[in-house]
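This report concerns only the one structure given below.
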């Protein structure tokens, strides 16, 4: 197979616009097309839900990186590559690219453009966004380290396979310190933190069993969390590296639980900002996965990154990430660093975004996962139900 560049893969997905709904209908699923914008909706091929599955065509998306599907019922989402790899075909990444090219030939070039009454693609700044937000400057952030995204994608698929077979390897154990000191298999650890199998699948979590060389630098062993970055100049969304939840006991006992390969700022689950008008911002990746599991059908849950880490975005620049949102709740950890970060964000945006930005402080000293584990699901649900704006939303 040719070694495609990221730009070439994106071009393939864009040229495949309109093919994804045909593939899904060929699989026996019924879909309906919106006559105004060409998007599709219908039964989810994964969970069977009738009213929560949608396909957004490339020309109706800001990123312009190909068609995108999303199910608000089971949280399955992705592009045409995801469909080939996780749908009925269950192909590898290289085979998915071959099938996309085959789809071009099978359905013909004319299918890549919807010819109905297409509504104009959304402008960079929606018409109903407050003027102060629209005027927010673009985020000025360091350019991510240039790692090959095709190579990283191949590692990603290997890590996901490792997670599936990890129970067959007793030597692949994770050590959870603190009050719950014990060993876990990788999947047991994720379940211990409250994550479901569908959430693990949605966020493409995996497992790296040993130190791995990635372009001259070692990736640590442990649970792998893929990181993405959207280039503000091109809107290209690439995998830029991995954060790893370690299982090396020596490192953990020294106070290190996570190690990262790949640099640059990111907002995990950034695609959800295209779907939902309300965002909840949390601090850590695993906390974001857990909260998305509870709220992801109604709210966008994204990470701010460690508030003391190099990936931090300045408080003044945060508004430009949320130009499409009516409300942004800040739910960082209930420690000193989290409290200070929220205060900095609120103070920097008091005049321009004061009505959209709102504190959602956690109880002192705990994070999202600890809140659920310590207080229980009932109190956890009640906390967010009484503090977040609830549907039906006035703009729906």
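Here r is the Cβ-Cβ distance between residue 14 and residue 395 and R0 is 30 Å; the resulting FRET efficiency, rounded to 0.05, is 0.50. What distance in nm separates the two pseudo spin-label positions at residue 183 and residue 6, each 7 Å out from Cα along the beta-carbon direction? Result for the modelled spin labels: 3.9 nm.
Projecting label points 7 angstrom from Cα along Cα→Cβ for residue 64 and residue 386 puts them 4.8 nm apart.
Label positions at residue 347 and residue 164, each projected 7 Å from the Cα along the C-beta direction, are separated by 5.1 nm.
Coordinate-derived values only; no laboratory data. In this text, all values refer to a predicted model and were calculated from it rather than measured experimentally. Here the Cβ is made from the backbone with ideal geometry for all residues, glycine too, and neighbour counts use every protein chain on show.
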